[in-house]
Amino acid sequence: MNTEEKNQIAELLASAKRIAVIPSKLAGPEAYAAGVGLYYLLKNAEKNVSLIYPGKTPDEFPDIISREELTADTGRRELVVAVDYSNTPASKVQYTTENDVLYLTLSPMSKNFDFSKITSSLKGFDFDLIFVIGSQTLEDLGQTYSDMEANLKEATVVNIDNTDKNTKYGKVNLIDISKENLSLLILNTFGIWGLNLDRRAAKALLGGAMYKAGI
């Protein structure tokens, strides 16, 4: 890990519109604590950030973040229906529901309306910057990887780890095997990224460092 890579993250953060932080469940409580700490660092910088952690949270850190702040269901999607009603007399939109069926009404409408102007799509996660913490490969993320595979391929991935087995899958790879744990790695670099420590981030990162040290 060099200064150029650290500074590159600051540049990525400046332009990122939607950020995800994904701690590896395989890396255990220390990755979780480091992820929570980074999440709060980014929240403190008023970034649009989500912390993705499906399933049970580590018992070692029951109160460093509320469950409501975690994104647990990475398989969820949104159905978007688009109707191009340009060049039509339509001026009123109404909707009703009946027996779990949605009825959308546009009026007035010509009997010759082109139905090819109605389209639908499923929208899921669309993060442009993703921090993955403590995962040696993206596939190690398990179901999260399966649910977010397309987004992980499209987004800029920052790979943060402290093991020599990491496959360096990220566009930016912050791999520092000299750091005893992931929380210390973030504590030693967040200032270069232009981030400021607040009470919530400090609680998570210091907790992660102490946990790894057995304190």
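The values are calculated or read from the model by the stated rules, or taken from the named source; none is laboratory data. None of these values were measured; they are calculated from a predicted model. Note that each Cβ is placed from the backbone with ideal geometry, even for glycine, and that neighbours are counted across all protein chains shown.
If I filter the stretch 162-183 for residues that are in the same structural domain as Tyr53 (by TED's automatic domain parsing), in contact with an Asp or Glu (Cβ under 7 Å, 6 or more places away or on another chain), free of Cβ contacts under 8 Å to residues at least 60 places away in the same chain and surrounded by 14 or more Cβ atoms within 10 Å (Cβ to Cβ), do I get at least one hit?
Within the stretch 162-183, one or more residues are in the same structural domain as Tyr53 (by TED's automatic domain parsing), in contact with an Asp or Glu (Cβ under 7 Å, 6 or more places away or on another chain), free of Cβ contacts under 8 Å to residues at least 60 places away in the same chain and surrounded by 14 or more Cβ atoms within 10 Å (Cβ to Cβ).
Inside the stretch 94-114, can you point out the residues that are of a type in the set (Gly, Ala, Ser) and either touching a Gly at 6+ places or on another chain (Cβ under 9 Å) or part of a strand (DSSP E or B) (or both)?
Result: Ser107, single match.
Considering only the stretch 115-170, state which residues are at pLDDT 95 or above, in a strand (DSSP E or B) and among the hydroxyl-bearing types (Ser, Thr, Tyr).
Thr156 - this is the single residue of the stretch 115-170 that is at pLDDT 95 or above, in a strand (DSSP E or B) and among the hydroxyl-bearing types (Ser, Thr, Tyr).
Looking at the stretch 12-34, which of its residues are within 17 Å of Gly170 (Cα to Cα) and hydroxyl-bearing (Ser, Thr, Tyr)?
Answer for the stretch 12-34, where residues must be within 17 Å of Gly170 (Cα to Cα) and hydroxyl-bearing (Ser, Thr, Tyr): just Ser24.
Tell me whether the stretch 97-115 contains one or more residues that are over 33 Å from the mean Cα position of the chain (by Cα) and on the phi > 0 side of the Ramachandran plot.
Yes: one or more hits.
Filter the stretch 40-96 down to the residues that are touching a residue at least 40 places away in the same chain (Cβ under 8 Å) and of a type in the set (Gly, Ala, Ser), then identify the one that is surrounded by the most Cβ atoms within 10 Å (Cβ to Cβ).
Of everything passing the filter in the stretch 40-96, Ser50 is surrounded by the most Cβ atoms within 10 Å (Cβ to Cβ).
Taking Ala209, is it surrounded by fewer than 17 Cβ atoms within 10 Å (Cβ to Cβ) and either at pLDDT below 95 or among the polar types (S, T, N, Q) (or both)?
So Ala209 fails the test.
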